[in-house]
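All remarks here apply to the structure that follows.
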Amino acid sequence: MSTKLQGLRGMNDLLPDEAERWEAFEAIVRDWLKSYGYRPIRTPILEPTALFSRGVGEHTDIVEKEMYSFEDRLSEEKMTLRPEGTASCVRSVIEHSLLFAQPQRLYYSGPMFRHERPQKGRYRQFNQVGVEALGFAGPDIDAEHIVMCRRLWDDLGLEDIELQLNSLGDASERARHRGELIAYLEKYQDSLDEDGKRRLYTNPLRVLDSKNPAMQEIADGAPKLTAYLGEESLRHFEAVQDLLREAAVPYRINPRLVRGLDYYNRTVFEWTTTRLGAQATFCAGGRYDSLIAQLGGREAPACGFAMGMERVMMLWLEGQEVNGPLETPDIYLVHQGEAAQKFAFRLAEQIRSAGFSVVFHCGGGNFKSQMKKANSSGATYAVIVGDNEANSGVAAVKPLREEGEQVSLVPEALTEWLAERLYGVEAD
Ligand code: HAM
């Protein structure tokens, strides 16, 4: 016997019980996005490596160590499994001149890939729902994103969540802060951990959001970026907060919140929870006013966010019964005999044409064993056809979830009977 193959570490299967809940979640999310006027965009999972090194930033964890990159054997092109969706979305918008006529409110959902150490809530293939608003400069769109998140969390009934907010200012403000920050951190050079030492000159801002308590202590005394914000950045930040107060969305300003991707400026935010252990952030985003031009488009402001679907699903399903199917068929079709099988096969299609779901019994067996399968399928009714029924052109229908008589009906009467029972629709 050959050895059993297993899936890759950090890349999970979603089995039917769970996958059905994902579909239910996706349906809620789609309605929510539509209610804010966002439209879908779908981009390839593979992109040129340069898109992410230029877009996300050379000195980020993602680009330095987490990307799944390879060279195409024939074309020798360097390509990467997307680690996030913003860069891809922006590439597509530029490539197809979507911003030419008007700003765009877009969303996407699908798998992303990062070579991280897998643990609860952290995977190598994970899914994001991402939202990007391109061509909008004002603080109202930043607030819209935060308010729409809040609505979704409320609709899902998420508890113990917090919104953290910060402003990263613009490039010149960050440059001034950077000089002072490096000078401050150099004083602690010997006490910096490995990541801190590595980032000191390449990405010193990231030292501020280190999870290491010793680094946090150093970070606490560091010059705060918010103190370097100019008038316009401050006004923008104030206006976002005003709108949040107006919408009664509580938040906490976290001056150490810097995000792990380089394209952000001004507003950044993270939704965190105390219920997921170390992987506390389940949704994050912010403004990225330079990215479009940086990737070859014309100068245009933008902002967006993405939620980690696995993390939101964990919060949503907490305390819910996750075993067992969510979707059950209307009918399980039981049949025995040659004439019965042919009649039943046609009947199943007729019932489906009338809008009901039918599981057609396959694999033989006597009526008793087929009825057992009908019961465990969760179907509402069993439709039963023997050769006698087939010869007289009728089928018997039997309720499986409630008391009720078995009745024999011709196909047209059967679909009307079902419509009345399942949807309360009376035939004329
Ligand atoms: P991000 O913070 O890298 O931002 O990822 C967003 C969310 O994806 C995280 O808050 C987390 O919930 C989830 N996530 C990230 N890595 C993993 C992982 N290894 N396993 C499970 N979940 C994970 C972005 O990706 C930006 N593109 C967000 C954005 C959109 N900013 C503006 N527009």
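The values are calculated or read from the model by the stated rules, or taken from the named source; none is laboratory data. Remember, it's a predicted structure, so these values are computed and weren't measured experimentally. Positions of Cβ are generated from backbone atoms using ideal geometry, with glycine treated the same way; all protein chains shown enter the neighbour counts. Keep in mind that these areas ignore ligands, DNA and RNA; they rest on the heavy atoms of the full protein, side chains included. Shrake-Rupley method; radii C 1.70, N 1.55, O 1.52, S 1.80 Å.
Only one of these is under 30 Å from V147 (Cα atoms), open to solvent by 30 Å² or more (accessible area, probe 1.4 Å) and basic (K, R): R82, R39, R73, R54. Name it. After applying the criteria, what remains is R39.
Within region 217-226, if we keep just the residues that are in a helix (DSSP H, G or I) and without any contact (Cβ under 8 Å) to a residue 40 or more places away in the chain, the residue that is farthest from H177 (Cα to Cα) turns out to be E217. Of the residues in region 231-250, at least one is at positive phi and assigned by TED's automatic domain parsing to the domain that holds T273.
Scan region 245-260 for residues that are in contact with a helix residue (DSSP H, G or I) (Cβ under 7 Å, 6 or more places away or on another chain) and within 22 Å of A219 (Cα to Cα) and jot them down. Give the steps one after another, and end with the answer.
Pass one, region 245-260, residues in contact with a helix residue (DSSP H, G or I) (Cβ under 7 Å, 6 or more places away or on another chain): 247, 249, 251, 255-256, 258, 260.
Selection gives Y251, P255, R256, V258, G260.
Please tell me if A293 is under 30 Å from E47 (Cβ atoms) and away from the ligand (no atom under 14 Å from the Cβ). When the stated conditions are applied, A293 passes them.
Set side by side, the residues A306, A302 differ, and just one is within 9 Å of the ligand (Cβ to nearest atom), open to solvent by 10 Å² or more (accessible area, probe 1.4 Å) and either of a type in the set (D, E, K, R) or touching a strand residue (DSSP E or B) at 6+ places or on another chain (Cβ under 6 Å) (or both), which is A306.
Looking at region 277-393, what strands (runs of 3 or more DSSP E) fall wholly within it and have at least 2 residues that are under 25 Å from the mean Cα position of the chain (by Cα) and outside the structural domain of L409 (by TED's automatic domain parsing)? Step through it out loud before you land on a result.
Details: elements: 281-287, 302-308, 331-336, 358-360, 381-386.
Per the criteria, 281-287, 302-308.
Just one of the numbered conditions (1) aliphatic (A, V, I, L, M); (2) surrounded by 17 or more Cβ atoms within 10 Å (Cβ to Cβ); (3) touching a strand residue (DSSP E or B) at 6+ places or on another chain (Cβ under 8 Å) is not true of I253: (2). Set side by side, the residues S92, S88 differ, and just one is within 12 Å of the ligand (Cβ to nearest atom) and touching a residue at least 12 places away in the same chain (Cβ under 8 Å), which is S88.
Counting only residues that are touching a residue at least 40 places away in the same chain (Cβ under 8 Å) and open to solvent by 10 Å² or more (accessible area, probe 1.4 Å), region 277-286 holds 3 of them.
Restricting attention to region 182-198 and to residues that are within 29 Å of T273 (Cα to Cα) and open to solvent by less than 20 Å² (accessible area, probe 1.4 Å), the residue that is nearest to the chain's Cα centre (by Cα) turns out to be G196. Determine if region 134-145 includes at least one residue that is within 13 Å of the ligand (Cβ to nearest atom), more than 17 Å from L81 (Cα to Cα), in a strand (DSSP E or B) and assigned by TED's automatic domain parsing to the domain that holds R287. Yes, region 134-145 contains at least one residue that is within 13 Å of the ligand (Cβ to nearest atom), more than 17 Å from L81 (Cα to Cα), in a strand (DSSP E or B) and assigned by TED's automatic domain parsing to the domain that holds R287.
Can you say whether A214 is farther than 22 Å from L261 by Cβ and either without any contact (Cβ under 8 Å) to a residue 40 or more places away in the chain or assigned by TED's automatic domain parsing to the domain that holds I94 (or both), as far as the supplied structure shows? Spelling it out, A214 is indeed farther than 22 Å from L261 by Cβ and either without any contact (Cβ under 8 Å) to a residue 40 or more places away in the chain or assigned by TED's automatic domain parsing to the domain that holds I94 (or both). Looking at the structure I just gave you, is M79 touching a Leu at 6+ places or on another chain (Cβ under 8 Å) and away from the ligand (no atom under 16 Å from the Cβ)? Yes; evaluated as a whole, the condition is true for this residue.
The condition of being out of contact with any His (no Cβ under 7 Å at 6 or more places or on another chain) and either within 15 Å of G85 (Cβ to Cβ) or aromatic (F, W, Y) (or both) holds for only one of L291, L276, that being L291.
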